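J.: Handing you a structure now.
Derivation of every value follows stated rules applied to the coordinates shown; laboratory data play no part. Computed from a prediction, not measured in an experiment: that's the story for all the values here. Note: ideal-geometry Cβ built from the backbone for every residue, glycine included; neighbour counts use all protein chains shown.
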Amino acid sequence: MSTEALVLALTAVIRPTSAAAVFAMLSTPRPQRLLVAYLVAGLGFSLTVGTLVVVLLGGLQSTRASSAVRPLLDLVLGTSAVGCAAGAWVGWLPRSRPRGSAEPDSWLRRRLTDMSPSGAAAAGVLTHLPGLVYLAALNAIAAGAGGTASGVLQVVVYNGIWFSLAIWALVLSVYRPTVSREFLERVISWIREHQRVITIVFFGVLGGYLVVVGVLGLVGDAS
């Protein structure tokens, strides 16, 4: 698997929205059926989108006339990430919840409390919509894959890592339900307390890296 895609996958394991959704489902009397629906729908959607994008990008990058596809996409994604970091820096993020509070945001809690498996399935899709990190990983996969089969396999591995928190929660909800809920409670509390710093550092580093890679790629193509 592409090293760049692997690193990006690891950074996406614990995200505020998906962690809050999993936490809310673990708080229900029967979390297993909700987590299964969440995983099936989320993975199905994400794998479909990822496969289509990798196949499309792979086709574009295989032509000589489109050799600048990856660096251009890296440059666009990198600039967007830097913009997110700048937005967090000037205070565009919503205020964090009080320290020690690990409850999901109200909109998510309303949808996950006593919800049906179909509602959990919708949450699985909504909390895993393709973002900057996923698109950057797909771009790296498409550029480094040795063919369609290799690219699709890497998409599967990426999504396995991306959804590992929900998979882990599902397993522990059967054998150690209290442990899984307590762990997520601590994680969400820490994320909310340091949300602004995490956002600035993460998107700043990611954006800077992608901009540099994109510029170097364009310069290499022009020379």
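J.: What shape does segment 140-223 take by its C-alpha gyration tensor, where a ≥ b ≥ c are the square roots of the eigenvalues and a/c under 1.5 counts as rounded, a/b above b/c as prolate, and the rest as oblate?
T.: Values: a/c = 8.24, a/b = 1.56, b/c = 5.28.
Note, shape of segment 140-223 comes out oblate.
J.: What nm value, rounded to one decimal, do you get for the distance between Ala149 and Arg30 when each label is placed 7 Å out toward the C-beta?
T.: Inter-label distance under the simple model: 4.2 nm.
J.: With just the Cα atoms defining each centre, how far is segment 1-35 from segment 154-223? Give it in Å.
T.: About 9 Å separates the Cα centre of segment 1-35 from the one of segment 154-223.
J.: Based on the Cβ-Cβ distance of Trp89 and His194, what FRET efficiency does E = 1/(1 + (r/R0)^6) give at R0 = 22 Å, to the nearest 0.05?
T.: About 0.95, to the nearest 0.05.
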